[in-house]
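All remarks here apply to the structure that follows.
The values are calculated or read from the model by the stated rules, or taken from the named source; none is laboratory data. These numbers come from a predicted model, not from an experiment. We place every Cβ from the backbone using ideal geometry, glycine too, and count neighbours over all the protein chains shown. Accessible surface is based on the protein model in full, side chains and every heavy atom, while ligands, DNA and RNA are left aside. Shrake-Rupley method; radii C 1.70, N 1.55, O 1.52, S 1.80 Å.
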Amino acid sequence: MSAPQDIDTLKQRMLDNEFPDARGRYGPFGGRFVPETLVPPLDRITEGMRDVLHQADFQHELDEQLRHWVGRPTPLSYAARLSESWGCDVWLKREDLAHTGAHKINNAMGQALLAKRLGVKRIIAETGAGQHGVASAAACARLGLPCRVYMGQVDVERQAPNVDRMQRLGAEVVPVTTGDRTLRAAIDEALRDWVSAPLETYYLLGSAVGPHPYPELVCHFQSVIGREAKEQMLRQAGKLPDVAVACVGGGSNAIGLFHPLIQDESIHLLGVEAGGRGVGLGDNAASLVSGTPGVLHGCFSMLLHDEHGQVYETHSVSAGLDYPAVGPEHALLQLTKRAEYVAVDDDKALEALNECCAMEGILPAIETAHAFYGARRYAQDHPGSTILIGVSGRGDKDLPTLQQVNKVSNP
Amino acid sequence: MNGIERIAQAIDAARQDQRPALVAFMTGGFPTRESFQDHLESLTTHADLVEIGVPFTDPMADGVTIQNSSKVALEQGVTLGWILDEIGQREWPAPILLMSYLNPLIAMGDQLAPRCKAAGVAGIICPDLPLDENDLLKPDLEANALALVNLVTPVTTPERLKQLCDTATGFVYAVTVTGTTGGAKSGGPGNAAPVTETVVDYLKTIKQVSNVPVCAGFGIRTPEQVTALGAHADGVIVGSALVEQLAEGNDPGVFLQYLKGQ
């Protein structure tokens with residue numbers, strides 16, 4: 001997609017904070033591959049982002065909302081029993097304690113505030129696990145903006161509590177029955193809606209994916225996670241972690257944790273993708289581990305697709321990770337080997353979820369459980385290390401899935 | 001004659017007949033792989049230009065009709081390579097363009113332009129390749145004298161419209177409505193997009209700026225629209241309405257005759 005560059009040069013440019021460039025590229029990844037109709041609204045968001053985000057009054061308003069409504073800073077908890085069991089020091093960055101129960105609220109409130117400044121009257125969003133939908137619905141309710149959320153029919157069924165929450169928060173939830181009926185189909189449908197009303201609509205995209213400037217915008221709002229975690233580690237643990245671990249679907253939670261740590265090269269960045277049922281195309285959602293470069297939803301990144309360029313259906317027990325592509329910054333982090341990405345399958349994620357419940361009194365989201373298992377594996381290979389895990393969200397929303405899984409396991 | 005010249009000649013021939021060029025769209029391999037050659041024969045006989053839609057799993061600019069046709073084609077194993085093989089089996093009465101999302105095109109890599117040329121394809125329309133990224137395909141296509149058709153829309157800014165028209169080859173695709181293909185709803189003449197004064201002004205503006213022919217598309221399904229739009233454009237593009245005909249098992253050529261008022 002662009003002239004090949006020496007990996008070391010790319011890495012140095014990344015460490016020098018040169019990405020994204022003016023075209024929204026992260027080295028060879030990123031960019032903007034959208035219908036012409038969406039260019040004007042994307043330009044407007046890009047200009048708005050440059051004009052508004054650094055204004056003192058915007059920052060003040062966002063800070064106030066994050067502090068007094070979202071509940072930031074979220075705590076950093078020492079996981080004493082896991083630490084003892086794993087033979088490491090394990091610290092948990094608790095996005096599960098943010099309002100609405102996941103990191104998604106950081107981005108939803110940030111973008112909703114931006115949309116309001118841009119004078120937009122209508123918000124659309126998509127959701128997989130429902131956490132971004134709930135966060136968008138809540139942020140829009142808080143700011144008095146109408147909100148429509150597209151959600152795949154499969155996810156509507158497996159994340160029923162969140163559908164109810166969105167509706168109670170005043171959002172219109174539109175089940176998507178086309179395509180794979182999960183997050184990917186919901187994004188397709190949200191984009192079609194946006195193409196139909198590009199100027200009066202703001203698309204509040206929920207992950208660090210999509211056309212420029214979304215990966216940058218989402219990273220900007222989620223980086224609060226890594227900034228806080230870094231400060232808290234220094235204050236509470238007296239040092240930076242050896243490794244920061246986060247689950248990766250589209251990658252917003254992970255980029256939020258990783259981005260402020262990229263220049264601290266002593267910290268190993270470990271992203272954990274959904275290994276699903278196995279390594280076969282269609283059996284997982286591990287686009288960095290199993291994918292190849294391609295274009296989906298306006299962005300050139302790592303993608304699960306076949307040799308004809310057709311995007312594959314994915315599988316994960318976690319609705320929030322069930323997406324065939326990943327944010328372009330992660331693709332660059334992988335290419336430059338600044339971060340490592342591994343896959344954890346469904347069963348192991350559920351095993352880690354149970355361990356976290358039993359030993360720390362925390363029910364993490366199934367997404368997050370992937371990170372816990374990845375961290376445990378890292379601990380086995382690196383005894384005595386200091387591990388920071390991004391707890392992306394809480395698992396209440398996954399109870400129907402967990403009940404279903406238990407039924408299957410213990411009929 | 002190369003691909004770009006064949007497109008120009010076809011539009012010019014229609015102009016000589018004092019009518020807009022009729023550009024017909026069908027999804028490759030829909031409703032069946034077996035019917036592809038017959039339908040292509042019918043379309044290339046009755047239309048001046050034909051677009052073959054390359055099915056894609058995530059068609060973000062398409063309405064429900066073309067989405068469904070793509071799904072059916074994909075389920076039958078239709079690929080870009082298969083479509084090119086089918087087109088390349090013979091010469092057709094009208095020039096053929098491919099309309100494809102970017103990912104299937106780049107999946108073919110360096111072979112894309114040479115294989116298109118060898119198959120007799122005249123050009124490519126790629127809805128998710130905006131002007132700023134044209135370099136991705138344009139040099140290879142131009143080296144093979146293949147057109148890269150740019151799309152403009154009612155929300156395109158004047159500055160960008162000029163750039164799009166200046167860099168278009170073959171023709172400029174004027175999307176007449178903001179929305180997906182097929183209009184707000186598909187099915188029947190009642191859902192035809194109205195040819196309003198705004199649409200007419202929009203087409204006049206593009207015509208003033210463009211040095212290549214301008215073809216208007218999206219939501220076209222009646223002879224009245226063809227006449228009304230044809231007065232202000234060099235061609236009209238019919239897509240979803242034709243795909244509906246194919247879905248119902250009808251000969252698409254008959255529908256094209258109807259649109260031409262014959």
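Of A:GLU273, A:GLU307, A:GLU265, A:GLU313, all but one fail to be acidic (Asp, Glu), under 25 Å from A:LEU350 (Cβ atoms) and assigned to a loop (DSSP other than H, G, I, E, B); the exception is A:GLU313. Before we move on, is A:GLY280 surrounded by fewer than 24 Cβ atoms within 10 Å (Cβ to Cβ) and not hydroxyl-bearing (Ser, Thr, Tyr)? Yes; evaluated as a whole, the condition is true for this residue.
Residue-wise test of (1) more than 17 Å from the chain's Cα centre (by Cα); (2) touching a residue at least 12 places away in the same chain (Cβ under 8 Å); (3) surrounded by 16 or more Cβ atoms within 10 Å (Cβ to Cβ).
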position: B:ALA14; (1), (2), (3): no, yes, yes
position: B:GLN18; (1), (2), (3): yes, no, no
position: B:SER70; (1), (2), (3): no, yes, yes
position: B:LEU80; (1), (2), (3): no, yes, yes
position: B:ILE96; (1), (2), (3): no, yes, yes
position: B:MET108; (1), (2), (3): yes, yes, yes
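Do we have A:VAL295 as in contact with a strand residue (DSSP E or B) (Cβ under 6 Å, 6 or more places away or on another chain), of a type outside the set (Gly, Ala, Ser), surrounded by 21 or more Cβ atoms within 10 Å (Cβ to Cβ) and modelled with pLDDT of 95 or more here? Answer is no for this residue.
Is it the case that B:PRO127 is open to solvent by 50 Å² or more (accessible area, probe 1.4 Å), touching a Ser or Thr at 6+ places or on another chain (Cβ under 9 Å), within 19 Å of A:THR37 (Cα to Cα) and not basic (Lys, Arg)? Here the answer is no, as B:PRO127 does not meet what is asked. Within segment A:301-316, one or more residues are surrounded by 24 or more Cβ atoms within 10 Å (Cβ to Cβ), out of contact with any Cys (no Cβ under 8 Å at 6 or more places or on another chain) and away from chain B (no Cβ under 14 Å). Exactly one residue out of B:GLY261, B:GLY253 is touching a helix residue (DSSP H, G or I) at 6+ places or on another chain (Cβ under 6 Å) and open to solvent by 20 Å² or more (accessible area, probe 1.4 Å), and it is B:GLY261. Please find, within segment B:72-122, the residue that is nearest to the other protein chains (Cβ to nearest Cβ) out of those that are of a type in the set (Asp, Glu) and outside any loop (DSSP other than H, G, I, E, B). Restricting to residues being of a type in the set (Asp, Glu) and outside any loop (DSSP other than H, G, I, E, B), the top hit is B:GLU75.
From the set of residues in segment B:26-52 that are touching a residue at least 60 places away in the same chain (Cβ under 8 Å) and either in a helix (DSSP H, G or I) or under 23 Å from A:TRP194 (Cβ atoms) (or both), which is nearest to the other protein chains (Cβ to nearest Cβ)? That would be B:HIS39. Helices (runs of 4 or more DSSP H) fully within segment A:113-217 that include at least 3 residues being within 14 Å of chain B (Cβ to nearest Cβ) and in contact with a Gly (Cβ under 9 Å, 6 or more places away or on another chain): A:183-196. For the condition farther than 23 Å from B:PRO95 by Cα, touching a residue at least 24 places away in the same chain (Cβ under 8 Å) and within 14 Å of chain A (Cβ to nearest Cβ), B:LEU161 qualifies. Selection of segment A:19-58 for residues being surrounded by fewer than 13 Cβ atoms within 10 Å (Cβ to Cβ), part of a helix (DSSP H, G or I) and either among the polar types (S, T, N, Q) or within 14 Å of chain B (Cβ to nearest Cβ) (or both) yields only A:GLU47. Filtered by the rule that a residue be of a type in the set (A, V, I, L, M) and surrounded by fewer than 22 Cβ atoms within 10 Å (Cβ to Cβ), segment A:175-203 gives A:ALA197, A:LEU199.
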